[in-house]
C-alpha cells in the first residue's frame with residue numbers, strides 16, 4: 001500500500017504539478033494553483049531523494065563519452081544483469097554548438113559547456129524519466145550526479161545552457 005500512496009503524494013505536490021513548459025529562467029505556471037514559480041536545485045534534489053527512496057524509475061549509469069554540453073553516452077544497468085548503452089540528451093536545456101556554431105563566441109561557449117559537463121559527470125550519473133528523444137537514436141532524461149545535483153540546472157546556473165523544451169526556435173548564442 002505504501003508504494004501506491006507515495007507516488008500519489010508526489011503527483012499532488014504543488015512544486016511539481018506543472019504544465020511541463022519552462023521559460024528561460026526555469027519558471028512556469030502551476031496548473032494546480034495557477035501561481036507562477038521557479039524550480040531550484042535543492043527542491044529537485046529533495047524530490048529525487050523522495051522518489052529514490054520509493055524505488056521509482058531511476059537508473060545509475062557509467063558515462064562513456066561526452067559529446068557536447070547537453071549530450072553524452074552511457075552504459076546503464078536497467079535490471080539486474082541487463083546493461084544498455086545509449087546516447088542521452090539532458091532534458092530541458094540547450095547548450096551552444098561546437099561544430100555548427102554561428103560565431104566564435106558560441107564555439108568557445110560550446111567547448112566550455114562540454115568541459116563543464118565532463119567534469120560534472122566524472123563520478124557517474126543517475127537518470128530519471130527516460131524517454132525516446134524526438135529525433136531517435138538517443139533518449140532524453142533528467143540527469144543527476146550521484147550526490148543528487150541536477151545537471152541541467154547546474155549548467156543553466158553556470159551560464160553554459162539555456163532552458164529549452166525541444167520545441168520552437170533554439171536559444172540564440174551569437175546576438
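Coordinate-derived values only; no laboratory data. Please read all numbers here as calculations on a predicted model, not as lab measurements. Don't worry about glycine lacking a Cβ; one is built from the backbone with ideal geometry, like all the others, and counts go over all protein chains shown.
Taking region 157-175 as the search range and keeping residues that are in contact with a helix residue (DSSP H, G or I) (Cβ under 8 Å, 6 or more places away or on another chain) and in a loop (DSSP other than H, G, I, E, B), which one is surrounded by the most Cβ atoms within 10 Å (Cβ to Cβ)? The selected residue is 161. Would you check if residue 97 is more than 20 Å from residue 57 (Cβ to Cβ) and touching a strand residue (DSSP E or B) at 6+ places or on another chain (Cβ under 8 Å)? Against the criterion (more than 20 Å from residue 57 (Cβ to Cβ) and touching a strand residue (DSSP E or B) at 6+ places or on another chain (Cβ under 8 Å)), residue 97 qualifies.
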